[in-house]
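**Student:** Take this structure first; my questions come after.
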Amino acid sequence: MTGPREDTSHRHTSHWGAFTPRVEGGDVTAVRPSPFDPAPSPLLGNLVGSLRHPLRIPQPMVREGWLRDGPGPAPLRGEEPFVPVGWDEVVDRLAGELRRVYTDRGPEAVFGGSYGWSSAGRFHHAQGQVHRFLNTLGGYVASENTYSAGTSEVLLPHVLGAGPQILRTLTSWPVLEEHTELMVCVGGVPTKNMAVAPGGVTAHTSEGHLAAMAARGIELVLVGPDRRDLPSSSAWLPVRPGTDAAFLLALCHVLVTEGLHDEGFLRTHCVGGDRVLDHLLGRTDGLPKTPRWAAELCGIDPGAITALARRMASRRTMITLTFSVQRAEFGEQPVWAGVLLAALLGQIGLPGGGFGHGYGSIGDNGHPAHTRVLPTLPQGHNPVRARIPVARIADMLLHPGEEYAYNGERRRYPDVELVYWCGGNPFHHHQDLARLRAAWRRVPTVVVHEPYWTPAARHADIVLPATVTLERDDIGASRTDPVLTAMHAAAPPYEQAQDDYTIFAAVADLLGTDKDYTEGRSAAEWLRHLYEGWRADGAGRPDFDTFWADGHARTTPPPPGVLLSGFRRDPVGRPLATPSGRIELASTVVTSFGYDDCPGHPTWLAPVEWHGSERAARYPLVLLANNPAARLHSQLDFGEHSRGSKVAGREPVRIHPDDAARRGLGGGDLVRVFSDRGACLGGVVVDGDLSPGVVQMSTGAWFSPVPGVEPVLCAAGNVNVLTRDVGSSRLAQGCTGSRALVEIERWHGPAPEVDVAAPPETVGRTRHQG
Ligand SMILES: Nc1nc2c(c(=O)[nH]1)N[C@H]1C(S)=C(S)[C@@H](COP(=O)(O)OP(=O)(O)OC[C@H]3O[C@@H](n4cnc5c(=O)[nH]c(N)nc54)[C@H](O)[C@@H]3O)O[C@H]1N2
Ligand SMILES: Nc1nc2c(c(=O)[nH]1)N[C@H]1C(S)=C(S)[C@@H](COP(=O)(O)OP(=O)(O)OC[C@H]3O[C@@H](n4cnc5c(=O)[nH]c(N)nc54)[C@H](O)[C@@H]3O)O[C@H]1N2
Ligand SMILES: [Mo]
């Protein structure tokens, strides 16, 4: 992967790091990390061989049934062959279909939420492109919030007055290094996740900060089921998955009953303290939230809970939670309980103390964000008001016109006629894929732009082959990275692939909206235009040609910051954007919604699927279905590094030695992992780093349903056939893919093939017509 470092910069970037590719014979044969990067990610290895990989889509394709019968529900969508067509024909058909839907049904019938990470590169960012395109046609049904932190994004505005903003202004790593004495990490601070930051990262430094904290003797405590989520020198409290709220409430109980809480801070900076204290002490429900009460639920010794609470009160303490903890049923509760705990300690806004969320969830968390404009494509205006919380996609498709609750509103699902996806993989990211597939088959027309034959592309009617970043010039930039990267094209487009921009411009041309869409600029002209906008925003920035020749432009990173320090100093002059202007430990607004699945203050609610539930009798293992170490989501799952992680040719499933022994399983065994929703195959890794009763299997193996098996058996090991498709609560309706109850058994008989390892069947016309 490495080579001589003759260059002083890099020529390209990705969500997982900046690099210079070596391209020979039209494909990447090696990748040299940026010399700016102290800890390059092994994920770069997935790029080798990715340009001319047989899973690239060579030309436009249309599903046979759609070509024959036209738009309509398609019970075989995802199983039928494709017909290769030429660009002129596909653009013509696509424009015709868009004209039909916009004329007959209007923009409320077009779902363009199109969630997904696509690639680094700000101009060619697929999601930005599709949104701009659909806006020029009259708009689209959008999705709001993210799969990443969708629950917190809705909850935290009620509690701290800001959602995504808070997540971007966490106390900076250097401040933690200098001031923190104890860091309690719910879900850990998993280094595997810090390789990645949206938009490109030139220097991976988070892992170094964490290591420096450990080396300085700062006490790190892992609260979670997987030992690997923090350095091995840290203390480990293996809470049962899904019980963090109970654990955190018990810590609060100790603080309050021992008089260790900061009453002054509650008075000056918070509201709702009395209500929460009543709840903690059991005055309202007769159930004090004692360590003994919590121990039954979370499996941690009451003495350890009490001792930790006392230690927290005696030193500068940061309490942080990973995003995974809220990506679950009732995921609002542990986050709110975390804020409560930090408020009781009275350290919110102090350097190195208080509340954190997402350290170790994304590489750029804990790095101060630029306030400057990034050189991104303007998306225009979307007049359509109908929108869905992002993870309610299958509900929307299954229940058009039906009402649902969200954040105090009564909303109605739109009736969608056309789904347009560009830069995401719903058959990776959504839960209960058998359910999604059934919902997806009801849609009359599905359009997908993709470089690769992903499961999403295979479940489309019209497939447009997109280029990858190494086939086009672009600008890489992220919220926190101090380097803007000139992303140089390194190879011509694969076969007939075209940039998303070029594809949209061609369709817009037929629809008469090309002037709105392109504003008369070529892609190259857009790059200069966007760059100049960025350049004008700060002094001393190089002109475009210098930037392009140098390969990068540096900016001064903002100084390290402390979350909510201004509010702490002056809660009256710098109030929070909550109704009270203070931290809402109990919220009258949330209370007024009357949701029993998200009451007005932090509460322990037992999820439908956890160790203590009835279903655990049939499915005794809690599966952590989390983000993969060996790739970004489902991207380049066929890449060298990701392939190297597979066991028995499938996604590895890690299991505790006792649980493996009980099932007669050994390392390398092929197993069937199953839940109420479906089943997938996996390869066993026996691993004492997991708590007993907990198994771990990463997301991102390409959905490869074995034909004829109901409801679904995925041969590759996609965990989302196992997860449950419910919202976190009626408040946030966030993604709940973090966990599921499962059972595991040895696979007997011949192993089904992974169909998605080869392109889908094509029929009809010759493959390479122009
Ligand atoms: N069970 C469970 N499910 C989860 C999660 C979990 O923890 N557990 N995590 C969730 C989270 S946090 C997230 S963010 C989502 C991620 O879900 P996604 O963001 O949908 O996943 P990706 O695999 O990154 O999909 C990006 C797609 O864009 C394509 N692409 C790349 N560049 C281009 C381009 O230039 N043009 C076009 N047209 N396409 C391009 C890639 O090939 C890839 O297929 O998954 C969620 N799903
Ligand atoms: N290599 C790599 N890095 C990535 C990504 C990727 O796909 N690959 N995706 C990126 C994206 S989009 C996002 S949003 C972030 C995701 O960031 P997170 O959501 O924070 O990451 P996860 O790996 O899902 O979960 C972190 C840890 O939480 C623990 N955990 C799970 N459930 C529980 C629970 O109930 N209680 C406790 N205490 N712990 C629990 C698991 O052991 C897991 O290792 O990662 C980003 N970084
Ligand atoms: Mo995410």
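**Student:** With everything on Cα atoms, drop me the angle between helix 500-511 and the longest principal axis of the chain, reported from 0 to 90° to the nearest 10.
**Tutor:** Value to nearest ten degrees: 60.
**Student:** Sort largest first and round to whole Å: the equivalent ellipsoid semi-axes of region 1-139, each the square root of five times a Cα gyration tensor eigenvalue.
**Tutor:** So the three semi-axes of region 1-139 are 39, 20, 13 Å.
**Student:** Another question, then. Determine, for each peptide in 689-698, 221-230, the mean count of other beta carbons within 10 angstrom over its residues, then list the peptides with the highest first.
**Tutor:** Put in order of decreasing packing, that is 221-230, 689-698.
**Student:** In addition: Direction-averaged shadow area of the convex hull around the Cα atoms of region 604-721, nm²?
**Tutor:** Averaged projected area of region 604-721's Cα convex hull equals 7.9 nm².
**Student:** Evaluate E = 1/(1 + (r/R0)^6) for GLU745 and SER522, where r is the Cβ-Cβ distance and R0 equals 60 Å; express this FRET efficiency to the nearest 0.05.
**Tutor:** 0.55
**Student:** Could I ask something else about it? Once you compute Rg and the Kirkwood Rh from C-alpha atoms, what is the Rg to Rh ratio for region 164-367?
**Tutor:** Result for region 164-367 is an Rg/Rh of 0.95.
**Student:** Work out the P(r) tail for region 344-418: percent of alpha carbon pairs separated by more than 17 Å, whole number.
**Tutor:** Of all Cα-Cα pairs in region 344-418, 69 percent lie more than 17 Å apart.
**Student:** At q = 0.08, 0.09, 0.18 Å⁻¹, work out log10 I(q)/I(0) for region 247-401 with the Debye formula, treating every Cα as an identical point scatterer and leaving solvent out; two decimals please.
**Tutor:** With no solvent term, the Cα-only Debye profile gives -0.35, -0.43, -1.12.
**Student:** Around VAL671, what is the net charge, scoring Lys/Arg as +1 and Asp/Glu as -1 over all other residues with Cβ under 9 Å from its Cβ?
**Tutor:** Taking every Cβ under 9 Å from that of VAL671, the sum is +2.
**Student:** With every protein chain left in place and a probe of 1.4 Å, what is the accessible surface of LEU255, to the nearest 10 Å²?
**Tutor:** Rounded to the nearest 10, that gives 0 Å².
**Student:** Another question, then. What number results when the radius of gyration of the chain, computed over Cα atoms, is divided by 2.2 N^0.38 Å?
**Tutor:** With N residues counted in the chain, Rg over 2.2 N^0.38 Å equals 0.93.
**Student:** At a 1.4 Å probe radius, which order do VAL271, VAL91 fall into by accessible area, largest first?
**Tutor:** VAL271, VAL91
**Student:** Kirkwood Rh, Cα Rg: Rg to Rh for region 396-474?
**Tutor:** 1.06
**Student:** So for region 158-271, what percent of the C-alpha to C-alpha distances run longer than 23 Å?
**Tutor:** So the pairs more than 23 Å apart make up 44 percent of the total in region 158-271.
**Student:** Next up: Once you keep just the Cα pairs under 8 angstrom separated by 6 or more residues, what percentage relative contact order results for the chain?
**Tutor:** 21 percent
**Student:** Hey, what did region 164-367 get for relative contact order, percent, Cα under 8 Å, at least 6 apart?
**Tutor:** After rounding, I find 35 percent.
**Student:** Rolling a 1.4 angstrom probe over the protein heavy atoms, how many square angstrom per residue are accessible across the chain?
**Tutor:** 34 Å²
**Student:** Name the cysteines of the chain that stand alone by the Cβ rule: no other cysteine Cβ under 4.7 angstrom.
**Tutor:** Cysteines of the chain left without a disulfide-compatible partner: CYS185, CYS252, CYS270, CYS298, CYS422, CYS598, CYS735.
**Student:** Please give the direction-averaged projected area of the C-alpha convex hull for region 66-112, in square nanometres with one decimal.
**Tutor:** Orientation-averaged projected area of the Cα hull: 4.1 nm².
**Student:** OK, next. Which residue, chosen from GLY273, ALA757, GLN496, occupies the Cα position most advanced towards the positive end of the dipole of the chain, where the dipole is computed from +1 (Lys, Arg) and -1 (Asp, Glu) charges on Cβ about the Cα centre?
**Tutor:** GLY273
**Student:** Using only alpha-carbon positions, what ratio does the radius of gyration of region 118-225 give when scaled by 2.2 N^0.38 Å?
**Tutor:** Relative to the rule-of-thumb radius for its length, region 118-225 sits at 1.39.
**Student:** Here's a follow-up. Mind ordering 203-214, 632-643, 371-382, 120-131 by average Cβ neighbours within 10 Å, highest first?
**Tutor:** Top to bottom by mean Cβ count within 10 Å: 120-131, 632-643, 203-214, 371-382.
**Student:** Give the Cα extents of region 219-294 along the principal axes, in whole Å, largest first.
**Tutor:** 39, 28, 20
**Student:** Another question, if that's okay. Roughly what % of Cα-Cα distances in region 436-563 sit above 18 Å, to the whole percent?
**Tutor:** 66 percent
**Student:** Okay, next question. Could you work out the Kirkwood radius for region 481-523, taking every pair of different alpha carbons, averaging 1/r and inverting it, reported in Å?
**Tutor:** 12.5 Å
**Student:** Can you give the helix-only mean residue ellipticity at 222 nm for the chain, where every DSSP H stretch with n ≥ 4 adds -39500 (n - 2.57) and the sum goes over all residues, rounded to the nearest 500 deg cm²/dmol?
**Tutor:** -7500 deg cm²/dmol
**Student:** May I pose another question? Evaluate the charge dipole of region 546-704 about its Cα centre and quote only its size in Debye, nearest 20, assuming +1 on the Cβ of each Lys and Arg and -1 on the Cβ of each Asp and Glu.
**Tutor:** Value, rounded to 20: 220 debye.
**Student:** Now for a different question. Any idea what angle helix 206-215 forms with the longest principal axis of the chain, computed on alpha-carbon atoms, 0 to 90 degrees, nearest 10?
**Tutor:** That works out to roughly 30 degrees.
**Student:** Rounded to the nearest Å, what's the spacing between the alpha carbon centres of region 499-527 and region 403-455? Just the number, please.
**Tutor:** Rounded to whole Å, the Cα centres lie 26 Å apart.
**Student:** Identify all lysines with a Cα-Cα distance to LYS192 below 21 Å; exclude those on the same chain that are fewer than 8 residues away in sequence.
**Tutor:** Result set, ordered by chain and number: LYS646.
**Student:** Cα centroid distance between region 339-360 and region 233-247, in Å?
**Tutor:** With region 339-360 and region 233-247 each reduced to a Cα centre, they are spaced 18 Å.
**Student:** Determine by what factor the alpha-carbon radius of gyration of region 84-132 differs from 2.2 N^0.38 Å, reporting the quotient.
**Tutor:** Relative to the 2.2 N^0.38 Å estimate, region 84-132 comes out at 1.39.
**Student:** Output the 0 to 90 degree angle, nearest 10, between the alpha-carbon long axis of helix 87-104 and the longest principal axis computed from the alpha carbons of the chain.
**Tutor:** 60 degrees
**Student:** Sticking with this one: At a probe radius of 1.4 Å, what is the per-residue accessible area of TRP117, in Å² to the nearest 10?
**Tutor:** Using a 1.4 Å probe on the heavy atoms, I get roughly 40 Å².
**Student:** So if I average 1/r over every pair of distinct C-alpha atoms in region 674-754 and take the inverse, what Kirkwood radius in Å does that give?
**Tutor:** Kirkwood radius, region 674-754: 14.0 Å.
**Student:** Please work out the Cα center distance from region 67-116 to region 254-268, rounded to the nearest Å.
**Tutor:** 59 Å
The values are calculated or read from the model by the stated rules, or taken from the named source; none is laboratory data. Just so it is clear, the structure is predicted and the values come from calculations on it, not from any experiment. Neighbour counts are summed over all protein chains in view; Cβ atoms, including those assigned to glycine, are modelled from backbone coordinates with ideal geometry. For accessibility, only protein heavy atoms count, side chains too; no ligands or nucleic acids. Shrake-Rupley method; radii C 1.70, N 1.55, O 1.52, S 1.80 Å.
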